[in-house]
Amino acid sequence: MESYQPTGTGESPLAAIDEWVNTTCPVCGAPAKRETNTMPQWAGSSWYFLRYVDSHNKEELVSREKADKYLPVDMYIGGVEHAVLHLLYSRFYTKFLCDIGVIDFDEPFKKLFNQGMITGKNGIKMSKSKGNVVSPDDLVRDYGCDSLRLYELFVGPPELDAEWDDRGIEGVSRFLNRFWNLVTDNKDKDIPATKEMLKLRHKLVYDIEYRFNQFSLNTVISGFMEYNNKMIELARKEGGIDKETLKTFVTLLAPFAPHIGEELWQQLGGTDSVFHSQWPECDQEAMKDDEIEVASR
C-alpha cells in the first residue's frame, strides 16, 4: 500500500484496497468481500508473559521444557483498570493453550496484586484532558529522581488510591540528604561495631525485609526514615557508625533509590556495583535486647 491513512469510516486501511477487498467466494463463485477487521493488540498482550521465558524460539510459541520450568507467573501486578480486561484475556488464552497441549497449566498467574492509582486533588483521576497531571521533569530537576521514586512509594499503601501532593516529596528529599550526610561524615572513620550497632543493623534488615515481603512499600520507606534517625542518634552517642552497618543500609536502600545507593556504595569502598553485593541477612540472636522493662504491679 502507498497510503496507510485512516479511511474515515472507522474501518481499517485495508478496507480502502478495493482490488483486494472485492473478490470471489471460493465456495459458490458469487461476488464476495474479504474481512478487513484485523486482530486487535489485545491478542499479543494476552500471552507475552509466555514468550518472555523463550523469546528466541523460532519453531514454537514457547518450548514445553521452559514453560514447565519457569511458568506460571508467580505474581501479577496491575492497576484496577488495566487488570480487569487484561487478566480476563490472559486467562482465556492460557486456558486455550492448555487445552491444545502447549502448556500444562490453565491459570497464567499464581497471585494477583491490584495497585491503586495516583490521583489529583479531591481524588480526581489524573488526565491530560482534565489538566491535573504532574510533570516529573520539574520534580526531578528540584529533588532528583531518587526522591521522586521514594515519594511515589511513600505516598500511601500500594493497593489504595493516593492523592498526589508535591509538598510530600520535600520530606523524602530531606531524609536522603540526612542519610547522605551520615555516610559521608562516617565513611573515613574507623569505628568498631558495638553491640548496640549490631542490634540496630540486624533489626533494620529484619524490619525492611518483612515490610517488603508484605508489599507494604510505603512502610518500607518510613522504616528507612526511622532507622536513619536511630543511626544518627547512635552516631552522636558513640562518636560514629561502623562502616558495615552503613553498607547494609545502602544495600537495602539501593533498589528503591538506585542512584544515591550506587554513589554511597562506592564512597564506602565498594569495588563493584551495589547490585552485585550480597543481600544482607539478619541474625535473630543479635537482635535480642539484653534488658526488658517490665511494668510492676
Could you tell me whether any residue of segment 108-116 is assigned to a loop (DSSP other than H, G, I, E, B), assigned by TED's automatic domain parsing to the domain that holds ILE77 and buried (at least 17 other Cβ atoms within 10 Å of the Cβ)?
-> yes
Which number in (1) part of a helix (DSSP H, G or I); (2) closer than 30 Å to GLN115 by Cα; (3) within 22 Å of the chain's Cα centre (by Cα) marks the one condition that PHE215 misses?
-> (1)
Check VAL172, VAL205 and return the single one that is of a type in the set (A, V, I, L, M, F, W, C) and more than 18 Å from THR251 (Cβ to Cβ).
-> VAL172
Has segment 165-176 got any residue that is touching a residue at least 60 places away in the same chain (Cβ under 8 Å), among the hydrophobic types (A, V, I, L, M, F, W, C) and either crowded, with 18+ Cβ neighbours inside 10 Å or under 25 Å from TYR227 (Cα atoms) (or both)?
-> yes
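Quick one: would you say ASP161 is touching a residue at least 24 places away in the same chain (Cβ under 8 Å) and over 26 Å from GLU263 (Cβ atoms)?
Working: touching a residue at least 24 places away in the same chain (Cβ under 8 Å): yes; over 26 Å from GLU263 (Cβ atoms): yes.
Against the criterion (touching a residue at least 24 places away in the same chain (Cβ under 8 Å) and over 26 Å from GLU263 (Cβ atoms)), ASP161 qualifies.
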For segment 222-236, indicate whether the set of residues that are closer than 19 Å to GLY270 by Cβ, surrounded by fewer than 16 Cβ atoms within 10 Å (Cβ to Cβ), in the same structural domain as HIS276 (by TED's automatic domain parsing) and among the acidic types (Asp, Glu) is non-empty.
-> no
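If I ask for residues that are part of a helix (DSSP H, G or I) and surrounded by fewer than 15 Cβ atoms within 10 Å (Cβ to Cβ), which ones from segment 179-205 would you list? Break it down into steps so the answer makes sense when it comes.
To start, the set of residues in segment 179-205 that are part of a helix (DSSP H, G or I) comprises 179-186, 195-205.
If the condition is that a residue be part of a helix (DSSP H, G or I) and surrounded by fewer than 15 Cβ atoms within 10 Å (Cβ to Cβ), then TRP180, ASN181, THR184, ASP185, LYS195, GLU196 are the ones that fit.
Quick grid of which residues meet (1) hydroxyl-bearing (Ser, Thr, Tyr); (2) surrounded by 15 or more Cβ atoms within 10 Å (Cβ to Cβ); (3) assigned to a loop (DSSP other than H, G, I, E, B):
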position	(1), (2), (3)
THR23	yes, no, no
ARG51	no, no, no
HIS56	no, no, yes
GLU59	no, no, yes
ASP68	no, no, no
MET75	no, no, no
GLY78	no, yes, no
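The values are calculated or read from the model by the stated rules, or taken from the named source; none is laboratory data. Predicted, not measured: the structure shown is a model, and the values here were computed from it. In this analysis, Cβ positions are derived from the backbone assuming ideal geometry, glycine residues included, and neighbour counts consider all displayed protein chains.
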